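J.: Mind looking over this structure? Questions follow.
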Amino acid sequence: MSQTIDSAGNVNTKVLKDMASEEKGEIARLSSFVGAIAIADLVKTTLGPKGMDKILKPNGVGPGNDHITVTNDGATILKSIYVDNPAARILIDISKTQDDEVGDGTTTVAVLAGELLREGEKLINMKIHPQHVIEGWRKAKDCARKVLNDISFDNSADDAKFREDLMNIARTTLSSKLLLIDKEHFSQLAVDAVMRLQGNNHLDYIKVMKRPGGSLKESFLSEGFIIDCKIAIGCAKRIENAKILLANTPMDADRIKIFGTRCKTESFEAVAEIEKAEKEKMKNKCDKIAAYKPNVFINRNL
């Protein structure tokens with residue numbers, strides 16, 4: 001904060017930084033409308049099955065800015081652009097929230113909010129108070145929610161109809177994605193994975209493992225449990241009638257593992273004793289593993 005004195009001797013307090021500007025009244029309102037509507041127009045062309053992709057290229061030079069992204073996902077596009085308009089920033093935050101909470105409809109919420117602001121600008125130009133416009137939107141929201149509740153239906157009691165409803169939802173969602181060609185295959189995978197949760201809403205239980213090579217149609221849903229591990233050098237690649245021991249315990253003794261604790265010693269002999277105790281602990285662990293006599297040992301935690 002700095003102070004200046006004008007020609008009349010009055011002290012003017014300067015709050016803004018140098019090169020900063022201040023907008024008030026109609027100018028500030030118009031700027032907010034223009035910024036938010038511009039964001040909506042940016043992603044509007046990506047909406048729907050015939051939506052077009054956007055090419056995103058980072059601004060700058062360097063190894064981290066040499067990649068190009070081709071996408072029609074609204075959240076990805078809006079997260080990649082820089083805006084300094086407050087209303088436009090709110091629109092981007094709405095899209096991010098939609099992506100985090102629902103996972104779809106990121107473009108739709110931005111376009112819908114932009115169109116509401118476009119129509120709201122016309123009402124503001126007709127000298128209608130913004131509070132009256134907001135009140136009208138709230139009444140429209142209640143009417144729209146009532147209509148949606150009236151036309152909604154629930155087929156959860158019939159497994160066949162409920163599965164077909166889920167398939168239709170998955171097909172609709174994938175119609176605007178890059179998986180459009182294989183949407184039937186991936187719709188089947190998505191529905192099968194969700195149905196296995198048996199009504200549980202924890203989607204974190206569904207894990208996606210990516211492997212380079214092959215085609216999209218080679219993607220599959222495993223009937224069992226897949227562990228991302230590598231076969232050790234010199235071990236057999238295939239074993240029939242295996243006796244498997246599955247573990248989740250550290251098996252490295254390269255360093256002393258004392259988490260959250262500080263250990264102070266007064267001599268190197270004390271450090272050697274700690275290392276010896278660690279090796280002895282590892283030996284006892286290996287003896288317990290060998291006592292089960294497994295011919296396949298799988299460890300999740302290395």
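J.: Straight distance only, please: which lysines reach the Cα of LYS127 with their own Cα at less than 21 Å, same-chain residues fewer than 8 apart left out?
T.: Excluding near neighbours in sequence, the set is LYS24, LYS139.
J.: For the range 143-225, take the convex hull of the Cα atoms, compute a quarter of its surface area, and give me that in nm², please.
T.: Averaging across all directions leaves 7.5 nm² for the Cα convex hull.
J.: Too long at a 25 Å Cα-Cα cut-off: which of LYS44/LYS183; LYS237/LYS293; LYS54/LYS96; LYS243/LYS285; LYS183/LYS230; LYS96/LYS230? Intermediate results must be reported in sequence, preceding the final value.
T.: Numbers: LYS44/LYS183 23 Å; LYS237/LYS293 19 Å; LYS54/LYS96 18 Å; LYS243/LYS285 18 Å; LYS183/LYS230 32 Å; LYS96/LYS230 36 Å.
Result: LYS183/LYS230; LYS96/LYS230 exceed 25 Å.
J.: Could I ask something else about it? Would you compute the Debye intensity of the range 51-104 from its alpha-carbon atoms alone, equal scatterers and no solvent, and pass along log10 I(q)/I(0) at q = 0.21 Å⁻¹ to two decimals?
T.: Listed by q, the Debye log ratios stand at -0.88.
J.: Full-extension gain between LYS237 and PHE225, please, as 0.36 nm times their residue separation minus the C-alpha to C-alpha distance.
T.: 2.5 nm
J.: Now for a different question. Can you send over the solvent-accessible area of ARG29, 1.4 Å probe, protein chains only, in Å² to the nearest 10?
T.: ARG29 has an accessible surface of roughly 80 Å² with all protein chains in place.
The values are calculated or read from the model by the stated rules, or taken from the named source; none is laboratory data. Keep in mind that what you see is a predicted model, and the values were worked out from it rather than measured. Keep in mind that these areas ignore ligands, DNA and RNA; they rest on the heavy atoms of the full protein, side chains included. Shrake-Rupley method; radii C 1.70, N 1.55, O 1.52, S 1.80 Å.
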